[in-house]
Amino acid sequence: MAALFRPFSPPPAAKASQFNFSDSSNPPFSFPKTHHPSSRKSFSKIQSSKFGNFLDLKPESKPEFFDFDLPKFDPSSRSRLDVIIIGTGPAGLRLAEQVSSYGIKVCCVDPSPLSMWPNNYGVWVDEFESLNLENCLDKTWPMACVHVDDNKTKYLDRPYGRVSRKKLKTLFLERCLSNGVQFHRAKVWKIQHQEFESSILCDDGNELKASLVVDASGFASSFIEYEKPRNHGYQIAHGILAEVEEHPFDLDKMLLMDWRNSHLGNEPYLRTSNSKFPTFLYAMPFDSNLVFLEETSLVSRPVLSYIEVKKRMVARLRHLGIRVKRIIEDEKCLIPMGGPLPRIPQSVMAIGGTSGVVHPSTGYMVARTMALAPILAEAIAECLGSTRMIRGQPLYHKAWNGLWPIERRCVREFYSFGMETLLKLDLDGSRRFFDAFFDLDPYYWHGFLSSRLSLRELALLSLSLFGRASFPSRFDIVTKCPLPLVKLMGNLALEAA
């Protein structure tokens, strides 16, 4: 449930921050107000650890670029485009190759379209298999595990994989080139609209025009409009792909969550803050000396201090006896979760982080975006791929409602209810919740994490979860969920109206 994106580049990369998805090569979301629960005293103790402070080590990875001769769009030609896609991250390139397969003229605009994506992505293997993208996984584990506490571990019989950024981006670029997609290297400053056409103004002084502009530039975009306050929860994490002297993890299992806190026994300040605003460890072991490690706050509001997350990670690795010899890559992950959907419809379409498709309860997004892009592409093709050329408001309405039909909006409200519930749980409450959650029928917890349950199935999941929960967990649900539940029912009523 946690992180679905973590860092690393070959040799083994790691999953891109557990719930991290930046959809372009631009830096992601800027940091909101943070919560600083602990004091400096605990950090001085950590620094004196006999294992040293791995935070002093510098990542050794260098920027990587793809060797493609991209066809450049010539703004002086004044040739008409059908679709402009801002951003060449996973969401942007996936949509570009899908839309262009209908013979629609597409141009991708990005200041660095050939740079390696900055994050790595982790997915459940069955998700990529259903999309025929399993060849883009370069490491898989036959099962995952969750350490609920020092005395209980859950073993999850569901294979997990790390996405090869190189393979996936290469595949999408090859398809784009085969379909005639063009590229323009620039940053978009402004978008303007007329009745049947939109134009973008770039930092190189050029203006490009198309029937539809799609924003796939990630969470930090300012081009998408909202009608409600953006009251996100935030997932924050610090991850490293590291060469270590040794580690305690089984090579045939990836560690999805480690909620144990025994590493904070000698850190009273950190232990107190962790009991209120818990973090867990996520680990992907590649061999006996290479491992991806990430300390993650599943969701908080306001966001937990990044420094606090790193302090806890240092204490945990020291306790596990993990001595870091060198850091190949590191990752700072911040993912806005939940909050309102963009205004539907509006003149700029969106896909990826800025479109609201991030799982509000987990932060998972990549596999879901890969699955939704063909659906959005089909909706666009029904308007721009026909001889009738449906443009303007009918096009915007078709595209937005193709991505967010009423049923999908209602399901998202339920997931947001899950996030609001998780926000109210302390360490003990989080442990009890996941203990019961992973005891559910695999159909339900698989479907929940992969965003493929219907509203009815989510209701059945909730009843089953309540029935399996311990008495203290039921007490948490009864006492802490009334307000989120009232909000859920109100939002469902508004969506159905």
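The values are calculated or read from the model by the stated rules, or taken from the named source; none is laboratory data. Small disclaimer: the values here were computed from a predicted structure and weren't measured. Every residue, glycine among them, receives a Cβ derived from its backbone with ideal geometry; neighbour counts consider all protein chains shown. Surface accessibility is based on the protein's heavy atoms, side chains included, excluding ligands, DNA and RNA. Shrake-Rupley method; radii C 1.70, N 1.55, O 1.52, S 1.80 Å.
The set of residues from region 114-141 being within 27 Å of PRO63 (Cα to Cα), surrounded by fewer than 24 Cβ atoms within 10 Å (Cβ to Cβ), in contact (Cβ under 8 Å) with a residue 60 or more places away in the chain and not small (Gly, Ala, Ser) comprises MET116, PRO118, PHE128, LEU133, ASP138, LYS139.
On the stretch given as region 72-96, residues that are surrounded by fewer than 24 Cβ atoms within 10 Å (Cβ to Cβ) and in a helix (DSSP H, G or I) total 3. Looking only at region 294-301, decide whether some residue is surrounded by fewer than 24 Cβ atoms within 10 Å (Cβ to Cβ) and touching a strand residue (DSSP E or B) at 6+ places or on another chain (Cβ under 7 Å). Yes, region 294-301 contains at least one residue that is surrounded by fewer than 24 Cβ atoms within 10 Å (Cβ to Cβ) and touching a strand residue (DSSP E or B) at 6+ places or on another chain (Cβ under 7 Å).
Exactly one residue among LYS209, LYS190, LYS166 is open to solvent by 20 Å² or more (accessible area, probe 1.4 Å), out of contact with any helix residue (DSSP H, G or I) (no Cβ under 8 Å at 6 or more places or on another chain) and assigned to a helix (DSSP H, G or I), and that residue is LYS166. With ARG368, ARG316, ARG312 as the choices, which residue is surrounded by 18 or more Cβ atoms within 10 Å (Cβ to Cβ), touching an Asp or Glu at 6+ places or on another chain (Cβ under 6 Å) and basic (Lys, Arg)? After ruling out the rest, the residue left standing is ARG312.
Applying the condition of being in contact (Cβ under 8 Å) with a residue 40 or more places away in the chain and surrounded by fewer than 20 Cβ atoms within 10 Å (Cβ to Cβ) to region 440-449 and asking which residue is farthest from the chain's Cα centre (by Cα) yields PRO442. Residue count for region 169-182 satisfying the condition of being open to solvent by less than 10 Å² (accessible area, probe 1.4 Å) and in contact with a strand residue (DSSP E or B) (Cβ under 7 Å, 6 or more places away or on another chain): 1.
Taking the criterion of being open to solvent by less than 10 Å² (accessible area, probe 1.4 Å), over 19 Å from SER221 (Cβ atoms) and not in a helix (DSSP H, G or I), the only residue of region 371-411 that qualifies is GLY392. Within region 305-334, if we keep just the residues that are of a type in the set (A, V, I, L, M) and assigned to a strand (DSSP E or B), the residue that is farthest from TYR234 (Cα to Cα) turns out to be VAL324. Screening region 145-163 for residues that are buried (at least 22 other Cβ atoms within 10 Å of the Cβ) and in contact (Cβ under 8 Å) with a residue 40 or more places away in the chain and picking the one that is farthest from LYS105 (Cα to Cα) gives VAL146.
Pairs meeting the criteria (first residue in region 271-286 and under 10 Å from LEU298 (Cα atoms), second residue among the basic types (Lys, Arg) and in a helix (DSSP H, G or I), beta carbons under 6 Å, at least 6 apart or on different chains) are THR279/ARG312.
Of all residues in region 228-249, none satisfies being among the small types (Gly, Ala, Ser) and either part of a loop (DSSP other than H, G, I, E, B) or open to solvent by 10 Å² or more (accessible area, probe 1.4 Å) (or both).
Identify, from the list VAL291, VAL358, the residue that is closer than 23 Å to VAL163 by Cβ, in contact with a Lys or Arg (Cβ under 9 Å, 6 or more places away or on another chain) and crowded, with 22+ Cβ neighbours inside 10 Å. Break it down stepwise before answering.
Values: VAL291 fails: in contact with a Lys or Arg (Cβ under 9 Å, 6 or more places away or on another chain).
That would be VAL358, the only listed residue that is closer than 23 Å to VAL163 by Cβ, in contact with a Lys or Arg (Cβ under 9 Å, 6 or more places away or on another chain) and crowded, with 22+ Cβ neighbours inside 10 Å.
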